[in-house]
Amino acid sequence: MLKLFLKNSFIFWFLISGIFCSAENITIGKYNNCSSDEVKKAPYSGNIYIKESQNKYIILDIDEYLSGVLSGEIGEDFPYEALKAQAVVSRTYLLFTSKKNKQNGLSYDIENSIYNQVYKVCNSQKIRNAVDETKDEILTFNGEIVEVFFHACCGGKTTSPSSVWGGNYNGSINGIIDDYCKGTPYYSWEKKYSSDYLSDIFGLYNIDKIEIVEKDASGRVKNLNLITKGGRVIQLSGHKFRLQINSATNVYFENPLLLPSTMFDVEKKDNDFIFRGYGYGHGVGLCQWGAKKMAESGKNYREILKFFFSDMEIISLGGGENEN
């Protein structure tokens, strides 16, 4: 049994007989202090019911969940083959995250948040069809289910997960050049922050300089120094720097206070820091806008997945290996 956690509100469960078996349904439950009326108003579609017991549960078909994830993470305006590629990645991510969380002793399998996957109500038959046509398909590396990732736009180059988060990812995802996402809405950007604003976010007195110490092969900042007028130096990874800035504001690309990615250069003008960069998101794995352009150029979802996950293969949870 897998439990999927909707942060601060719900717990999702879905039943499977094994990690490589076809899942049948997801159960969404609320905490004890939530009323039946609150459960009935929960923003979920599909065939649901409430189980009145110590906890209250809603049953939701797993394909309904994945359709909701595609609705929340990519949307029906994307080409059909790009939606199918996202369905395979999201299904893989779900199963791996559940397995990892169990090993770490957590009481849930996945969060419904931007830090895992966002679930919303699906009102699109196009999305449902994309999920259905890739039913039970996941990505594997050397015969094992592995952690996969996706993001909005890579800015022309993806990167490895170890470059962003550190640790060992078994070489299953490597950085690639992605010319497909050039010219897309998130490809390049410029943001401006005052020294006072950044000083407040990082709890420092008067940040005077931001010094980039190291970039990875894709051009993303791995480490940087925040230097105050008093000479204090704070070193941060590019990922933590971006995360802390974005945790202080609402996450949407047009927000002037959002730092879209770590692929940037920075200069100071008077009391402001000007960031000029590329891409939107962490830059690991599937680039959604690159996938969009690939689909528009005639590539199918298998070709898209092979481009971004070249060392992986698609298998079916129902049994058998799919040709790539």
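The values are calculated or read from the model by the stated rules, or taken from the named source; none is laboratory data. Keep in mind that this is a model prediction, so the values were computed, not measured. A quick note on method: Cβ atoms are made from the backbone with ideal geometry, for glycine too, and the neighbour counts reach across all protein chains shown.
Structural remarks
- Residue in segment 263-272 that is in a loop (DSSP other than H, G, I, E, B) and either of a type in the set (Lys, Arg) or touching a Cys at 6+ places or on another chain (Cβ under 8 Å) (or both) present: no
- Among the residues making up segment 256-272, a single one is closer than 12 Å to residue 215 by Cβ and either at pLDDT below 95 or among the charged types (D, E, K, R) (or both): 265.
- Pick from segment 57-78, criterion buried (at least 21 other Cβ atoms within 10 Å of the Cβ) and within 20 Å of residue 297 (Cβ to Cβ), ranking: modelled with the highest pLDDT: 78
- Note on segment 181-192: among residues that are part of a loop (DSSP other than H, G, I, E, B) and surrounded by fewer than 15 Cβ atoms within 10 Å (Cβ to Cβ), the one that is nearest to the chain's Cα centre (by Cα) is 185.
- Between 205, 197, the distinction of being over 30 Å from the mean Cα position of the chain (by Cα), of a type in the set (Phe, Trp, Tyr) and not in a strand (DSSP E or B) belongs to 205 only.
- Test: residue in segment 274-288 that is part of a helix (DSSP H, G or I) and modelled with pLDDT of 95 or more: yes
- Failed item, numbered, when residue 231 is tested on (1) within 28 Å of the chain's Cα centre (by Cα); (2) surrounded by fewer than 13 Cβ atoms within 10 Å (Cβ to Cβ): (1)
- Residue count for segment 225-235 satisfying the condition of being without any contact (Cβ under 8 Å) to a residue 24 or more places away in the chain and outside any loop (DSSP other than H, G, I, E, B): 4.
- Single match in 261, 247, 218, 199 (criterion: surrounded by 14 or more Cβ atoms within 10 Å (Cβ to Cβ), free of Cβ contacts under 8 Å to residues at least 40 places away in the same chain and hydroxyl-bearing (Ser, Thr, Tyr)): 199
- Taken together, 103, 117 contain a single residue that is surrounded by fewer than 24 Cβ atoms within 10 Å (Cβ to Cβ), modelled with pLDDT under 95 and under 14 Å from the mean Cα position of the chain (by Cα), which is 117.
- Residue within segment 147-164 that is over 15 Å from the mean Cα position of the chain (by Cα), modelled with pLDDT of 90 or more and part of a loop (DSSP other than H, G, I, E, B) present: yes
- Being in the same structural domain as residue 238 (by TED's automatic domain parsing), surrounded by 20 or more Cβ atoms within 10 Å (Cβ to Cβ) and β-branched (Val, Ile, Thr) is a condition met by no residue of segment 162-180.
- As a summary of the residue check, residue 267 satisfies the conditions (1) assigned by TED's automatic domain parsing to the domain that holds residue 198; (2) crowded, with 17+ Cβ neighbours inside 10 Å except for the one numbered (2).
- Which listed residue, of 199, 218, 195, is hydroxyl-bearing (Ser, Thr, Tyr), in contact with a strand residue (DSSP E or B) (Cβ under 8 Å, 6 or more places away or on another chain) and either in the same structural domain as residue 305 (by TED's automatic domain parsing) or within 27 Å of residue 291 (Cβ to Cβ) (or both): 218
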